[in-house]
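A short reminder: the numbers here are calculations on the coordinates, not readings from a lab. What you see is a predicted model; the values in this text were computed from it and never measured. Backbone-built Cβ (ideal geometry, glycine too); neighbour counts: all protein chains shown.
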Amino acid sequence: MNVYVVSDFHLKFKEAQIDLERREKVINFLDSIQDKADMLVLNGDIFDLWFVWNDFIIKNYFPVLIKLFQLRLKGVRIVFIAGNHDFWFKNFLTDTMGIEVYREDFFEIIDGVKTFISHGDKYTTNDLRYQIFRKMIRNKFMMWLFGSLHPNLALKIGSNMSRSSRKKQIAKNELNKREQGLIKFAKEKLKVVDRVILGHSHLPKIEHYKNGTYANAGDWITHFSYLQITNGKIELLFYK
Ligand SMILES: [Mn+2]
């Protein structure tokens, strides 16, 4: 089996020139794997702000969505795991796109390897403030509230929230703090699985511990990194 894992594209719904270039790179990457991939795992924060109303989607994501749909038409299985920027789903990805959506974690035995995949923001328990915020914005009432606003207004509020959460990401200590939380969690989880794959810290890596392997797909803001699992063997690669 040939599996690709990516996370933290942070595609914008309002794009500056640099975001357009990043989006182009994402599309070229998806293009390059469409005939090779059996499965593509989108491990959270693919969209910097993802929200679906009952009858509307955000138009700037259309080029990437159409590319993902082309992969689906080629028979590629696509798994989307929620991040801390894209967790409000209705039925668009599942029913219209044929993408499997997981709100927390994804577990599967891939070529004999017990593989646990999650964005990871849920497991940075060393950040209590974020954990409270996470609970608050993930509830049904908040989703209903946003869904009842005019889309332009909802996006305006949402982008302010997402900006404050992005500001934190830029600081290096913040990323390192996240990474420490993720590694702590991964080591614990590796007692029951063979491989833990996370995102969120934007730090691409593969590390081997006593009980198994921790891997992080990195990001597409500075690293343009991804994980490829071929017949059970995992590799960290950088898209040029
Ligand atoms: Mn994240």
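Candidates Asp105, Asp127, Asp121: the one that is acidic (Asp, Glu) and more than 17 Å from the chain's Cα centre (by Cα) is Asp127. Of the residues that make up the stretch 218-236, is at least one loosely packed, with under 15 Cβ neighbours inside 10 Å and within 17 Å of the chain's Cα centre (by Cα)? Looking through the stretch 218-236, at least one residue is loosely packed, with under 15 Cβ neighbours inside 10 Å and within 17 Å of the chain's Cα centre (by Cα). Under the condition of being over 22 Å from Asn216 (Cα atoms) and acidic (Asp, Glu), the residues counted in the stretch 59-103 number 1. Within the stretch 202-217, the set of residues being over 18 Å from Phe106 (Cα atoms) and either surrounded by 24 or more Cβ atoms within 10 Å (Cβ to Cβ) or within 16 Å of the ligand (Cβ to nearest atom) (or both) comprises His202, Leu203, Pro204, Lys205.
Selection within the stretch 73-91: residues that are within 17 Å of the chain's Cα centre (by Cα) and of a type in the set (A, V, I, L, M, F, W, C). The member of this set that is farthest from the ligand (Cβ to nearest atom) is Ile78.
Restricting the search to strands (runs of 3 or more DSSP E) fully inside the stretch 52-153 and requiring at least 2 residues that are free of Cβ contacts under 8 Å to residues at least 60 places away in the same chain and crowded, with 17+ Cβ neighbours inside 10 Å gives 77-81, 100-102.
Just one of the listed residues (Asn2, Asn60, Asn54) is away from the ligand (no atom under 16 Å from the Cβ) and in contact with a Phe, Trp or Tyr (Cβ under 6 Å, 6 or more places away or on another chain), and it is Asn60. One residue stands out in the stretch 102-127 among those that are within 16 Å of the ligand (Cβ to nearest atom) and in contact with a strand residue (DSSP E or B) (Cβ under 7 Å, 6 or more places away or on another chain): the one that is nearest to Gly212 (Cα to Cα), namely Ile117. Filtered by the rule that a residue be small (Gly, Ala, Ser) and touching a Gly at 6+ places or on another chain (Cβ under 6 Å), the stretch 1-31 gives a lone residue, Ser7. Specify the residue that is farthest from Gln17 (Cα to Cα); the eligible residues are those in the stretch 33-49 that are in a loop (DSSP other than H, G, I, E, B) and within 12 Å of the ligand (Cβ to nearest atom). Top of the filtered list is Asn43.
Within the stretch 174-196, the presence of a residue that is within 24 Å of Glu24 (Cβ to Cβ) and either within 16 Å of the ligand (Cβ to nearest atom) or surrounded by 12 or more Cβ atoms within 10 Å (Cβ to Cβ) (or both) is excluded.
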